[in-house]
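Read through the structure below, which is laid out as structure tokens, and then see the notes.
The values are calculated or read from the model by the stated rules, or taken from the named source; none is laboratory data. Because the structure is a prediction, the values reported are computed rather than measured. Cβ coordinates were reconstructed from backbone atoms using ideal geometry, including for glycine residues, and neighbour counts include every protein chain displayed. Remember, those area values only see protein heavy atoms, side chains included, never the ligands or the DNA or RNA. Shrake-Rupley method; radii C 1.70, N 1.55, O 1.52, S 1.80 Å.
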Amino acid sequence: MALPGGHHLDSVTLPGQRLHLMQVDSVQRWMEDLKLMTECECMCVLQAKPISLEEDAQGDLILAGGPGPGDPLQLLLKRGWVISTELRRIGQKLAQDRWARVHSMSVRLTCHARSMVSEYSAVSRNSSKEMGQIEKLLMEKCSELSAVTERCLQVENEHVLKSMKACVSETLSMLGQHFGQLLELALTREVQTESCSVTELECSGGISAYCNLCLLGSSNSPVSASQALVRKIDASDNIYTTESTTGNLFSLTQEGAPLCRIIAKEGGVVALFKICRQDTFRCLYPQALRTLASICCVEEGVHQLEKVDGVLCLADILTDDSHSEATRAEAAAVVAQVTSPHLPVTQHLSSFMESMEEIVTALVKLCQEASSGEVFLLASAALANITFFDTMACEMLLQLNAIRVLLEACSDKQRVDTPYTRDQIVTILANMSVLEQCASDIIQENGVQLIMGMLSEKPRSGTPAEVAACERVQQKAAVTLARLSRDPDVAREAVRLSCMSRLIELCRSPSERNSSDAVLVACLAALRRLAGVCPEGLQDSDFQQLVQPRLVDSFLLCSNMEESFV
């Protein structure tokens, strides 16, 4: 408490003790606190303004710590990312009716936009009349946004504020469109110049920024970049240029399905298969095929592959032993992608049926000769997807002794060392187990013991992806066991190996199956199939709870469902 004169107590005497306190003036303390309170706001304003490294920097205004003069692309990306973030945050604050924050952020957004325009104009060689018009529209909308949000601060009537909120939202939307158009035009010009490539985008983290920023404006923003790269690949006969451009195109494909669709529509699949059909570019086959696999994650890519007889090209690569293992592995990755059961269009790949026998044979051979886990994973993934693609593939695999190849690989840690690879193997076994003659091959190769081991699949790292892969392995192992147990010999072998005990454990212990309902249903089905052949392997309580009731009743009993009334 302050005494008259504005001074605190200098000291307070206590029995046997004396505490010394500093003499502090109240006004002085208030002024010091005020400085700290306003310093934060000052820093916000300063950060919104360009800072020159030198006072006589000839007007080259750049971000502190950012790209130097002559780096217009990185400058655009750096400022553009900040502006896109501000636009998103303003939208969030507007939804919360936090008008003071909306206004202050609008002012800051105007500063960022003005800085981007002035900085880019100072270093760019590609300014144009069209760009100048868009810059003018952008700054007008920024000023309009600042003015209207300032008026909102003075309004107390909720109905008036509601109508003004719609106006602010519309202005913000238009501002985002103008910003997207400006960024599209500027980035397209920079990407298409000889001095700039998508590699620069990648090095500055710009591809990701570019794709995110494009969402604010025209949806066709990435088209020009992909067009330029595809044209460059198509026209180039220089191996180094083609290698660089293909790498850049691959970087674009990693930014998600929308860009893959654009690349496919702009002729990316055609250009890449052109590389894969020229012997002079043999060393580039792996890179080109890897890019193709990424593009074919969308239907447009698969359609384009079909149009250019891409399946035939892949079959030629897979069956040609003169190609490196890496090349054939990447071709297998493309096959895995185009036969993915998640893409409905793959069911209509008529050209695939014509080459399926050659492809399946080559993939089995690749699995057998794989020198690494990655190669085996790609080849086995392609085989797994093909078994979904057509049941005839399962008969081909049986004739090619694929079961022996796959089961032998399971004991080779160099080839099969992750749950992801075991997921592919058990998928193939599950789909092949619908064939009656598959059971004898499984028994002959000690496959039941392997399936038993897969029922105990556990994640090593605990990552969500690995945990999910382990669940799939357990589920498919139980499905395989249920299907194979139609054969009494398989069922008796499974009982001898204590498969029933493991299935009961998976049913009764949610932690053993990571509380997966899919694993539970598969295990109940397998247990019931085994119990039908060897009921003596079950205790009475297990039979009464897991086998005798309806499947749904046993499921509810074991699923450990907990109701929450929160």
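Quick notes on this one:
- The criterion of at least 3 residues that are within 27 Å of Ile317 (Cβ to Cβ) and either modelled with pLDDT of 90 or more or charged (D, E, K, R) (or both) is met, among helices (runs of 4 or more DSSP H) falling completely within the stretch 198-293, by 223-235, 268-276.
- Look at (1) crowded, with 23+ Cβ neighbours inside 10 Å; (2) part of a loop (DSSP other than H, G, I, E, B) and you find that Val434 fails only one, number (1).
- Contact annotation: residue pairs with Cβ atoms under 6 Å, 6 or more positions apart or on different chains, pairing a residue in the stretch 360-374 that is touching a residue at least 12 places away in the same chain (Cβ under 8 Å) with a partner that is of a type outside the set (A, V, I, L, M, F, W, C) and open to solvent by 10 Å² or more (accessible area, probe 1.4 Å), are Ala362/Thr319; Leu366/Arg328; Ala370/Arg415; Gly373/Arg415; Gly373/Asp417.
- Residues in the stretch 537-553 include none that are out of contact with any helix residue (DSSP H, G or I) (no Cβ under 9 Å at 6 or more places or on another chain) and under 22 Å from Ile451 (Cα atoms).
- Exactly one residue out of Leu481, Leu497, Leu538 is open to solvent by less than 10 Å² (accessible area, probe 1.4 Å) and not acidic (Asp, Glu), and it is Leu481.
- When the residues of the stretch 439-491 are filtered to those that are under 17 Å from Leu506 (Cα atoms) and not in a helix (DSSP H, G or I), the one that is nearest to the chain's Cα centre (by Cα) is Pro459.
- Among residues of the stretch 245-287 being among the small types (Gly, Ala, Ser) and touching a Lys or Arg at 6+ places or on another chain (Cβ under 9 Å), the one that is least open to solvent (accessible area, probe 1.4 Å) is Ala271.
- Close Cβ contacts (under 6 Å, 6 or more residues apart or on different chains) running from residues in the stretch 261-287 that are without any contact (Cβ under 8 Å) to a residue 60 or more places away in the chain to residues that are open to solvent by less than 80 Å² (accessible area, probe 1.4 Å) and of a type in the set (Ser, Thr, Tyr) comprise Ile262/Ser226; Ile263/Ser226; Glu266/Ser226; Leu272/Thr291; Cys276/Tyr285; Tyr285/Thr327; Pro286/Thr327; Gln287/Thr246.
- Residue count for the stretch 406-422, restricted to those that are assigned to a helix (DSSP H, G or I) and either open to solvent by 10 Å² or more (accessible area, probe 1.4 Å) or among the small types (Gly, Ala, Ser) (or both): 5
- Checking each residue in the stretch 350-392 for being over 17 Å from Ile317 (Cβ atoms) and at pLDDT below 90 picks out Ser350, Met353, Phe388, Phe389, Asp390, Thr391, Met392.
- Picking from residues in the stretch 94-124 that are in a helix (DSSP H, G or I) and among the charged types (D, E, K, R), the one that is modelled with the lowest pLDDT is Glu119.
- Residue match in the stretch 337-345 (condition: in contact (Cβ under 8 Å) with a residue 40 or more places away in the chain, open to solvent by 60 Å² or more (accessible area, probe 1.4 Å) and over 28 Å from the mean Cα position of the chain (by Cα)): no
- Count of the stretch 499-522 residues which are touching a helix residue (DSSP H, G or I) at 6+ places or on another chain (Cβ under 7 Å), within 16 Å of Leu557 (Cα to Cα) and either assigned to a loop (DSSP other than H, G, I, E, B) or touching a residue at least 60 places away in the same chain (Cβ under 8 Å) (or both): 1
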